[in-house]
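Some notes on the structure that comes next.
The values are calculated or read from the model by the stated rules, or taken from the named source; none is laboratory data. The structure presented is a predicted model; accordingly, all values stated were derived computationally and were not measured. With ideal geometry, Cβ positions are generated from the backbone for all residues, glycine too; neighbour counts draw on all protein chains shown.
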């Protein structure tokens, strides 16, 4: 699962950077990472 996610990220990252521009790519990736962090915190709290 991790390897598939890494492979997808390695392809999608440069593709989005080319299409959207680097500033929008950094903003969108930071929002996605923040949402993932919050989701993992919520999941951790529920499962504990």
### Query
Under 9 Å by Cβ, and 6 or more places apart or on different chains, what pairs join a residue from region 22-48 that is within 25 Å of residue 11 (Cα to Cα) with one that is loosely packed, with under 10 Cβ neighbours inside 10 Å?
25/19
### Task
Could you check, for region 25-41, whether at least one of its residues is modelled with pLDDT under 80 and either loosely packed, with under 10 Cβ neighbours inside 10 Å or touching a helix residue (DSSP H, G or I) at 6+ places or on another chain (Cβ under 8 Å) (or both)?
yes
